[in-house]
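Some notes on the structure that comes next.
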Amino acid sequence: MEQRIKNKVIVKFDIYVKQSKVANSNKRNRGVFAARSFETGVIVEIAPIILLHQQDVDLVEKTELKYFNMYWDGKTVCIGLGFASLYNHSSTPNVEVTRDFKNNLYIFTACQNIKKNSELFIDYEIDDIESEYEI
């Protein structure tokens with residue numbers, strides 16, 4: 001079921017939706033949780049994104065969607081599909097985020113072993129890490 005691409009372990013794309021779930025998060029409203037255990041290096045989710053033009057960003061900022069914006073390339077904002085916009089922040093994340101600029105995808109990879117039902121956290125400061133990845 002698992003395979004490796006560029007030293008990353010992935011599973012078939014059509015089952016990513018079964019790998020994680022959204023549930024209530026302690027003191028954070030909701031969050032993304034592991035529906036299975038993950039070893040370091042396993043891709044948890046590949047999420048497509050919708051790039052927003054500046055006029056769209058201005059409109060989104062007036063709605064509840066403002067809480068789900070994500071920075072794409074330092075100057076562009078996007079909305080992450082799948083569970084991408086629902087991961088909570090931690091300065092000690094268990095999931096690393098990389099961006100595939102060619103295909104407009106966020107790639108979420110376990111950066112440590114994760115037990116089933118654990119909350120999945122990302123560091124919102126993704127510009128501090130190597131952020132380009134290609135499939």
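Looking at this structure, is residue 97 in contact with a strand residue (DSSP E or B) (Cβ under 6 Å, 6 or more places away or on another chain) and either outside any strand (DSSP E or B) or closer than 18 Å to residue 116 by Cβ (or both)?
Considered against the rule, which asks whether it is in contact with a strand residue (DSSP E or B) (Cβ under 6 Å, 6 or more places away or on another chain) and either outside any strand (DSSP E or B) or closer than 18 Å to residue 116 by Cβ (or both), residue 97 comes out as no.
Take residue 18 and tell me if it is of a type outside the set (Gly, Ala, Ser) and modelled with pLDDT of 90 or more.
For residue 18, the condition - of a type outside the set (Gly, Ala, Ser) and modelled with pLDDT of 90 or more - is not met.
Within segment 50-63, is even one residue among the hydroxyl-bearing types (Ser, Thr, Tyr), assigned to a helix (DSSP H, G or I), farther than 17 Å from residue 118 by Cβ and out of contact with any Lys or Arg (no Cβ under 8 Å at 6 or more places or on another chain)?
The answer is no; no qualifying residue exists.
With the condition kept exactly as written, say whether any residue in segment 77-86 is touching a Ser or Thr at 6+ places or on another chain (Cβ under 6 Å), under 24 Å from residue 30 (Cα atoms), among the small types (Gly, Ala, Ser) and at pLDDT 90 or above.
no
Within the set of pairs 6 or more residues apart or between chains, which connect a residue that is in contact (Cβ under 8 Å) with a residue 12 or more places away in the chain and over 16 Å from residue 72 (Cβ atoms) inside segment 83-103 to a residue that is buried (at least 22 other Cβ atoms within 10 Å of the Cβ) and of a type in the set (Phe, Trp, Tyr) with Cβ atoms less than 9 Å apart?
Here the result reads 83/108; 93/87; 94/38; 95/38; 95/87; 95/108; 96/108, each pair linking segment 83-103 to a residue that is buried (at least 22 other Cβ atoms within 10 Å of the Cβ) and of a type in the set (Phe, Trp, Tyr).
I need a count of the residues in segment 79-93 that are of a type in the set (Val, Ile, Thr) and not in a loop (DSSP other than H, G, I, E, B).
Of the residues in that region, 1 qualify.
Looking only at segment 73-95, filter to residues that are among the small types (Gly, Ala, Ser) and buried (at least 20 other Cβ atoms within 10 Å of the Cβ); which one of those is farthest from the chain's Cα centre (by Cα)?
80
If I ask for residues that are under 14 Å from the mean Cα position of the chain (by Cα), exposed (fewer than 15 other Cβ atoms within 10 Å of the Cβ) and modelled with pLDDT under 90, which ones from segment 49-70 would you list?
Once the filter is applied, which keeps residues that are under 14 Å from the mean Cα position of the chain (by Cα), exposed (fewer than 15 other Cβ atoms within 10 Å of the Cβ) and modelled with pLDDT under 90, segment 49-70 yields only 68.
When you look at residue 23, is it over 19 Å from residue 99 (Cβ atoms), surrounded by 10 or more Cβ atoms within 10 Å (Cβ to Cβ) and modelled with pLDDT of 75 or more, yes or no?
When the stated conditions are applied, residue 23 passes them.
The values are calculated or read from the model by the stated rules, or taken from the named source; none is laboratory data. Values in this document were obtained by computation on a predicted structure and should not be read as measured data. Glycine also receives a Cβ, built like all others from the backbone with ideal geometry; neighbour counts cover every protein chain displayed.
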